[in-house]
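None of the figures in this text is laboratory data; all of them are computed from the coordinates on show. Computed from a prediction, not measured in an experiment: that's the story for all the values here. Cβ coordinates were reconstructed from backbone atoms using ideal geometry, including for glycine residues, and neighbour counts include every protein chain displayed.
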Amino acid sequence: MSDDEVRLALANLDGWELSGGEIVRQVRFETFPDAVAFVVGVAFAAEAANHHPDLDIRYNKVRVALATHSEGGITAKDLDLARTIQARAGGS
């Protein structure tokens with residue numbers, strides 16, 4: 001997907017942005033256990049989709065980064081998983 005196509009798709013995904021060839025979002029939670037629980041939920045959703053994000057936990061913040069490395073960039077798989085993650089993140 002072109003950068004313009006990605007930006008257009010991200011307009012419907014709150015908090016996501018294009019950065020360095022990935023789509024990224026940081027989600028903040030009240031506590032560390034809340035952040036870890038979110039990551040566990042994302043892990044199961046990602047496994048079911050056979051598409052795995054990069055996840056970075058920093059106490060109560062989780063940074064999610066998506067790209068389809070085998071395709072050399074961002075694809076519909078990334079946007080689909082971003083939508084799933086968005087739903088799990090709620091209003092975070």
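For the chain, list the DSSP H helices whose alpha carbon atoms reach 20 Å or more along the long axis and whose average Kyte-Doolittle value is 0.5 or above? Within the chain the helices that satisfy the rule are 32-49.
Within the chain, report the chymotrypsin sites (Phe, Trp or Tyr not before Pro) that DSSP leaves as loop and that have at most 16 other Cβ atoms within 10 Å. Answer in residue order: 59.
If you plug the beta carbon distance of residue 59 and residue 12 into 1/(1 + (r/R0)^6) with R0 = 35 Å, you get a FRET efficiency near 0.75. Of the GluC sites (Glu not before Pro) found in region 16-87, the ones in coil according to DSSP and having at most 16 other Cβ atoms within 10 Å of their Cβ are 30. With kT/(6 pi eta Rh) evaluated at 4 °C and eta = 1.567 mPa s, and Rh the Kirkwood radius from Cα pairs, the chain diffuses with a coefficient of 98 µm²/s according to Stokes-Einstein.
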